[in-house]
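The values are calculated or read from the model by the stated rules, or taken from the named source; none is laboratory data. Nothing here was measured: the structure is a model prediction, and the numbers come from that model. Every residue, glycine among them, receives a Cβ derived from its backbone with ideal geometry; neighbour counts consider all protein chains shown. Side chains are part of the model used for accessible areas, which takes the heavy atoms of the whole protein and leaves out ligands, DNA and RNA. Shrake-Rupley method; radii C 1.70, N 1.55, O 1.52, S 1.80 Å.
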Amino acid sequence: MEVTLNVKRYDPDSSKPAAYYQEYTVEVNDTTILLDSLIQVREQIDETLTLRCSCRAAICGSCAMRVNGHAVLACKTKVMELLPKSGNTITIEPAGNMPVIKDLVVEFNVFWDKVKAVKPWLQPQGPPPQAEYIASNEAMQHLVGVTGCIMCGACVSDCTVLEVDKNFLGPAALAKAYRFVADPRDDADSVRLGELNEYGGIWDCTRCMQCVEVCPKGVDPMGRIMALRDKAMQYGYQNTYGARHATAFTELIKHGGTLDELRLPIKTYGMFNIKQMVKLIPIGIRSQLKGKRPPIFHKAIPGVENVRRIFKKVENKR
Amino acid sequence: MIDQDVLVIGAGLAGMRAALAAAENGSSVAVITKVYPVRSHSNAAQGGINAALTDRGDKWEDHAYDTVKGSDYLGDQDAISVMCEEAGQEVINMEHYGTIFSRDDSGHLGVRAFGGQRQARTFFVADFTGQALLHVLHEQVLKHKVKVYEEWFVLSLVMEDGECCGVTAMDMRTGEIHTFRAKAVILASGGLGRVFEPSTNALICTGDGMAQAYRAGGSLMDMEMVQYHPTTLKSNGALMSEAARGEGGYLLNSEGERFMKKYAPNMMELASRDVVSRAEQTEINEGRGVNGCVFLDCRHLGEKVINERLVTIREAGIDFAGADMVYEPVPIRPGMHYIMGGIQTTVDGVTNVPGLYAAGETACVSVHGGNRLGANSLLDTLVFGKRSGLHAAEYSKKTTAKNIGDSSAKDEKVRIQALLDRTDGNEAFGKIRLEMGQTMNEHLAVYRDQQGMEKAREKIKELQGRYQNVIVQDKGKTFNTNLIFTLELGFMLDCAEAIVASALERKESRGAHTRKDMPKRDDENWLKHVVVTRTEGGPSISYKPVVITQWEPQERKY
């Protein structure tokens, strides 16, 4: 059948550079891969259409782009799966959160800078052994999932935190960091976690799941960030708002069975943190006006002892 | 002008290993690559890397013998010995760098079986070993702060008094052309798969390095030896790792028969690649295929093994062929995969052009001869990448930089501008590339004959003529991939010329070069390498004897 590819284009060399959309019609069948259609356009219809691609097998990470608003790897995506319920037009745009160079080609320098920032190389203590490091297959298998990352940038493209805060290290770099923290051969965990605990690090993720959704390799960046948070707290990095928020959250649920929304920010920021407390006042007033103010005395739910029992079970397992 | 001791072209495994070796030797090193390093095609090697580790009772001599036999006795045995002897050290080195090799129950490195070898000695990371190694080597390049010019496209070698003293390259981001001066240049720019259509190779595998050396007077060797991988998907030519058979997968014909028993009763599916590909092609030609394919059957391995060890190719089967190997056999056929030939080098990467080195798929040492064993290519890149880096670093200490001006860059600017300004033409790069690829795949595939190869020679000549009329539609400076593809096509046509000339020369069947009209191996006359150089009048052929140290040629049975 005929499908229309509506491609967002940008030519920096034109006299008045501005983004615009251009439609290309291609013939596809059930198994046609999006990248093959784009290559067909580039080779047969319009040689000026510019995109990065290479392996055609979802291993080199070149061809991440936004299709119908979400990041995909073009070489791993069938055209038919992208068709909307009505109509036969697919909208193709460059990956997000990175400046556009030309058409679907985006600037990756900041992406690499953030990867470099997590010191992405093995840091063992002392000289290596004569033969290989001894490590369990289980530990190595655990790393297979995260080292499957091909640095395509799909997660970075759709990260909702990066959209508002360019300082966030982002899902790809943090997943890379996890790869070393979880490696039994790496001895720099404490230093690494200390750095990841800083502003822009692990606590800036809002857990929106976008990176997990769009990752073409099942790397689960958000899951890795959560695992890094756990590790950081185990290593004694308790004194960030994020860590205290997590601790307070846990304690409150354990105590009352449901969340005490009034005490959560107080416990997170500290009662005598005047600046933060003042910041909470307008939120308090707004919630009062909307009738959404949490109760001052939070009552434990009936059967709270069952909730506590669950906590005990989980804590013992650790 | 940009000045270095050692300049490495390409940031795959060979290139980055060479750069690290040279940097550790104290040289100033830079790498130029047309893609970000982790996009390089070393990524695509799936199954593993071979090494005979002595601490587990394996011997490098056994690995070497398997390699010699696999090469159909065309590999140089001194070079093969070097590779196999240094293999263990390189694998351990990559483990120390951080590669997460699979382990056995004792926590030591685990191995899997691979084709053409009597012992399991293939170390692996699931079925993405190449990617795992490439990313780890990139980590080391970052750690050692090696300067990498990313997304720069090399146009030509700079020659002065017959010596190579740098390159010209275009910054793809701006379209600007610069001269890089170096005391030694290492070409590690990979293979030429795109000369064929289809191919398992990435779109970047366009033989740039081989063509650049060929144009500058370098010798290409064993260019007729083109490997067709036995298991590629029909739909898009994607690779299904040999690991599938290494883990125990079967090959079936349309009658459900494990046909390899007719061709290689002992090794069955794990015979060397040329043998398996020929067997498949014979089955298909004799009517025991389905839609030009036979089947890879892994159902009996079970979902757990497949998910743990063959996860990438399971996905590829689902994505590209609509077949989940857990539940059904996957249709596959032989597909162009690798070139054993390349720029002729010594075991230290030295070429016949002073100052020029080569390593990896772009080079030909020759360790693969007529047929490369699976999991020897990653090994080749690391061992000879490192040796080239070390030798080039030493060479650069003894060499003074040539006094070259910026004229090379100026010449290239004129050439490129003329190409962009061309108005009298009616050809498109895409069409010529497709015709070239289909021609090569028709006449220089698993089975060849004189008539077909002559047709190919004429066709390539015709395409070289038509190439002079290609119009580049994109006239821009920034990221002009249209221009890059056109330049790559020029390189590929030169490579095709060298392949066809070499193949027509070899009047016997050996390894991957199987002639229907001359089906026998002829050791008396053809136990020698075909070497091709470029002259005004076209390709010129000479020979180099095969180095035999301890393994006399025998009939090859698996």
Cα-based convex hull, the protein assembly as shown, per residue volume (Å³, whole number) | 195 Å³
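So which trypsin sites (Lys or Arg not before Pro) in the range B:239-333 end up in coil per DSSP with only 13 or fewer other C-beta atoms within 10 Å?
On the way: sites: B:Arg245, B:Arg258, B:Lys261, B:Lys262, B:Arg273, B:Arg278, B:Arg288, B:Arg299, B:Lys304, B:Arg309, B:Arg314; in loops: B:Arg258, B:Arg288.
Passing sites in the range B:239-333 are B:Arg258.
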For chain A, longest principal axis from Cα atoms; helix A:137-147 axis from its Cα atoms; angle between them, nearest 10 degrees, is 60 degrees
Computed over chain A: relative contact order in percent, which uses C-alpha pairs under 8 Å that are six or more apart | 13 percent
J(HN,Hα) series, the range A:294-301, from Karplus relation 6.51 cos²θ - 1.76 cosθ + 1.60, nearest Hz, glycine and proline x = x, x, 5, 9, 7, 8, 5, 6
Got the relative contact order for the range B:230-335 handy, in percent, Cα pairs under 8 Å and 6 or more residues apart?
-> 38 percent
Could you run the Karplus curve 6.51 cos²θ - 1.76 cosθ + 1.60 with θ = phi - 60° over the range A:87-92 and give me ³J(HN,Hα) per residue in whole Hz, x for Gly and Pro?
-> x, 9, 10, 10, 9, 10
Of A:Tyr237, A:Tyr20, A:Tyr199, the one that fluctuates the most in a GNM where chain A has Cα springs shorter than 10 Å = A:Tyr20
Percent carbon-and-sulfur accessible area, chain A, ignoring ligands, DNA and RNA, probe 1.4 Å = 55 percent
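Calculate how many DSSP beta bridges within the protein assembly as shown are antiparallel, expressed in % of all such bridges and rounded to the nearest 5. The partial results should precede the final answer.
Numbers: 64 of 92 bridges.
About 70 percent, rounded to the nearest 5.
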Give me the Debye-computed log₁₀ of I(q)/I(0) at q = 0.22 Å⁻¹ for the range A:109-234, equal point scatterers on Cα only, no solvent, two decimals.
-> -1.35
Taking amide H positions as placed in the peptide plane 1.01 Å from N, state which residues far from B:Ile186 in sequence (5 or more) or on other chains have amide H under 5 Å from it.
-> B:Leu7, B:Val8, B:Ile9, B:Tyr357
Keeping every protein chain in place, order B:Thr282, B:Thr67 by accessible area at 1.4 Å, biggest value first, i.e. largest first.
-> B:Thr282, B:Thr67
Taking H placed 1.01 Å from N in the peptide plane, check which residues at least 5 places from B:Asp3 or on another chain put their amide H under 5 Å from its amide H.
-> B:Arg181
So what's the convex hull volume per residue for the Cα atoms of chain B, in Å³?
-> 142 Å³
Given a 1.4 Å probe and no ligands, DNA or RNA in the count, how much accessible surface is buried by A and B, both sides, to the nearest 100 Å²?
-> 5200 Å²
For A:Val106, which sequence-distant residues (separation of 5 or more, or a different chain) have an amide H within less than 5 Å of its own amide H, given hydrogens modelled in the peptide plane?
-> A:Ile101
Mean separation of Cα contacts under 8 Å, 6 or more apart, over the residue count of chain B: relative contact order % = 22 percent
Provide the descending list of Cα extents for the range B:230-335 along its principal axes, expressed in whole angstroms.
-> 33, 28, 22
What is the gain in length, in nm to one decimal, between B:Asp421 and B:Glu24 on full extension, counting 0.36 nm per residue of separation less the C-alpha to C-alpha distance?
-> 138.4 nm
Give me the accessible area per residue for the range B:407-522, probe 1.4 Å, as a whole number in Å².
-> 41 Å²
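Kyte-Doolittle cut-off -1.0, length cut-off 24 Å along the helix's own axis using Cα: show which whole DSSP H helices in chain B pass.
For chain B, where a helix must reach 24 Å along its axis and average at least -1.0, the hits are B:77-97, B:377-397, B:481-505.
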Which angle from 0 to 90°, rounded to the nearest 10, does the C-alpha axis of helix A:241-256 make with the longest principal axis of chain A?
-> 60 degrees
Unmatched cysteines, chain A - criterion: no other Cβ of a Cys under 4.7 angstrom | A:Cys75, A:Cys149, A:Cys152, A:Cys159, A:Cys205, A:Cys208, A:Cys215
Simple label model, 7 Å out from Cα along Cβ direction - B:Glu435 to A:Asp113, nm = 4.8 nm
J(HN,Hα) series, the range A:260-267, from Karplus relation 6.51 cos²θ - 1.76 cosθ + 1.60, nearest Hz, glycine and proline x | 8, 6, 6, 7, 4, x, 5, 5
